[in-house]
Structures are given as C-alpha cells and as structure tokens.
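The values are calculated or read from the model by the stated rules, or taken from the named source; none is laboratory data. Every value quoted in this text rests on a predicted model; they were computed, and no experiment measured them. Cβ atoms come from the backbone with ideal geometry, glycine included; neighbour counts cover every protein chain shown. Each accessible area value is taken on the protein alone, full model and side chains, heavy atoms only, with ligands, DNA and RNA left out. Shrake-Rupley method; radii C 1.70, N 1.55, O 1.52, S 1.80 Å.
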Amino acid sequence: GAVVSQHPSRVICKSGTSVKIECRSLDFQATTMFWYRQFPKQSLMLMATSNEGSKATYEQGVEKDKFLINHASLTLSTLTVTSAHPEDSSFYICSARLLETQYFGPGTRLLVL
Amino acid sequence: QKEVEQDPGPLSVPEGAIVSLNCTYSNSAFQYFMWYRQYSRKGPELLMYTYSSGNKEDGRFTAQVDKSSKYISLFIRDSQPSDSATYLCAMSARTGFQKLVFGTGTRLLVSP
C-alpha cells in the first residue's frame, strides 16, 4: 500500500517552455502533498506544500509564479515549471501525506536545454 | 546549526556487517521519526517510522530513538550489497502540515 506515482519520469525541454509534472497517490487519498527538489548529492529541499482545494504554501525563496502547483483532487497534484531555464534542471520529487508520515514518488528528472 | 545533523559518509562495510546510521537533532518538539532509503536517481522509500522514544524492529532493521539525547539510530543487521544506498533520517513535530525536516543523508556502500 501507500504507492505514489509521478509522470513523466524524465523530461527534456527547451529553455522558455513550460513543463507539467503529475503526482498521484494510487491507493489512498491525500489531502496534503509536498513537492521537493533535489540537487546531486544533496538532500531534499521542500519547495511547497499542496492542499487539496486550496492554494499551495511555498517555502521561502521559491517563486510561486514560476512553480505553479495545483491540487485539484485527493489523488492528484501537479507542478508546472513555467518558462523553464537551464538552472531549473533538477530532480523533482513529490510526496503524499498518509496519517503522520509521507510516501514519496519515484521522482522526475528535468533537463532544460 | 542545522536542525538535523547527519554524517554524509560514505560508510563502507563488508557484506554481513552490522551497520549503524545516526542522526542528531536540536528541536525538542520533534516527535515523529522516520528513516528513508534512496537509491540513486530514485525517490526515497520509507523504511522505518517511530513515534517518540523507544525501539522498533522490522526484519534486519532496527530503529532507536533517544529523545533525551536528541539522537536517533538505524541498525542494519547482516548487511547486503543491495543495501547500498543513501539513508535519510527525517523528523517532524505535531504540526498540521507535517512538514518533515531531513538530514543530508548517509551514503552506505556494502561490498561483497
């Protein structure tokens, strides 16, 4: 149980384009989902907390207009990287809250050329 | 000072060894403690979850929490090459959003 999926697993895009990443909780409902970013050999950096039916809460230093988060249902949250730049290239991981802990998706590797 | 401190390693051990991984923390409000395993280029996988102080055992894995010392440990018995991964500790206080605070992760290498 407690499976979280992400799509796509890898994406390459041109600078200036937008990319959408989906995060789904497959076997449970998650009122709260989280989006993280991870640079090579570094730990997870929380970007934002996404609550179903309300606006996301962004961590300090994360641009909400650049990283658009939508949590339209209890099993789906999306992260859209708008006007992507090469410095946005990273590993994006979502998690979904179940009771007192979080279950993570497999991650999406984004490469912006 | 970081809220959660974890030695990044790498920690290299031979197959069959007992592995000890540790984290220290400064926030006494933390009550929920987790250990995640992350293979290269994959998302973290929940290994152990404990509430408050005490021990918890699951197969070859044992998690210990000592809140008085603000110190948590993960022990791996009979380590296998497949255990080679990065191990992340994470913890949270009883907040509405359950914001996790992660350690930097310890890279473990188990050689055959």
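What the table shows:
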| item | result |
| --- | --- |
| Residue match in the stretch B:7-28 (condition: within 11 Å of another protein chain (Cβ to nearest Cβ), of a type in the set (D, E, K, R) and open to solvent by 50 Å² or more (accessible area, probe 1.4 Å)) | no |
| Residues of the stretch B:36-87 satisfying the condition of being more than 23 Å from B:Glu5 (Cβ to Cβ) and of a type in the set (Lys, Arg) | B:Arg41, B:Lys42, B:Arg60, B:Arg77 |
| Any hit, the stretch B:62-76, residues being within 11 Å of chain A (Cβ to nearest Cβ) and β-branched (Val, Ile, Thr) | no |
| Leading residue by the ranking (farthest from B:Leu108 (Cα to Cα)) among those in the stretch B:29-57 that are open to solvent by 60 Å² or more (accessible area, probe 1.4 Å) and within 14 Å of chain A (Cβ to nearest Cβ) | B:Tyr51 |
| Among residues of the stretch A:25-43, those that are over 20 Å from A:Val62 (Cβ atoms) and more than 9 Å from chain B (Cβ to nearest Cβ), counted | 7 |
| Residues being surrounded by 20 or more Cβ atoms within 10 Å (Cβ to Cβ) and hydroxyl-bearing (Ser, Thr, Tyr) - total across the stretch A:65-88 | 1 |
| Index of the failed condition, A:Val11 passing every other in (1) among the hydrophobic types (A, V, I, L, M, F, W, C); (2) open to solvent by 20 Å² or more (accessible area, probe 1.4 Å); (3) within 10 Å of the chain's Cα centre (by Cα) | (3) |
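Conditions tested, residue by residue: (1) crowded, with 16+ Cβ neighbours inside 10 Å; (2) within 14 Å of another protein chain (Cβ to nearest Cβ); (3) in contact (Cβ under 8 Å) with a residue 60 or more places away in the chain.
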site: A:Cys23; (1), (2), (3): yes, yes, yes
site: A:Asn51; (1), (2), (3): yes, yes, no
site: A:Gln60; (1), (2), (3): no, yes, no
site: A:Glu63; (1), (2), (3): no, no, no
site: A:Ser90; (1), (2), (3): yes, yes, no
site: A:Ser95; (1), (2), (3): yes, yes, yes
site: A:Leu98; (1), (2), (3): yes, yes, yes
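Let's see how each residue does on (1) modelled with pLDDT under 95; (2) open to solvent by less than 30 Å² (accessible area, probe 1.4 Å); (3) within 11 Å of another protein chain (Cβ to nearest Cβ):
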site: B:Gly59; (1), (2), (3): no, no, no
site: B:Pro81; (1), (2), (3): no, no, no
site: B:Thr95; (1), (2), (3): yes, no, yes
site: B:Leu108; (1), (2), (3): no, yes, no
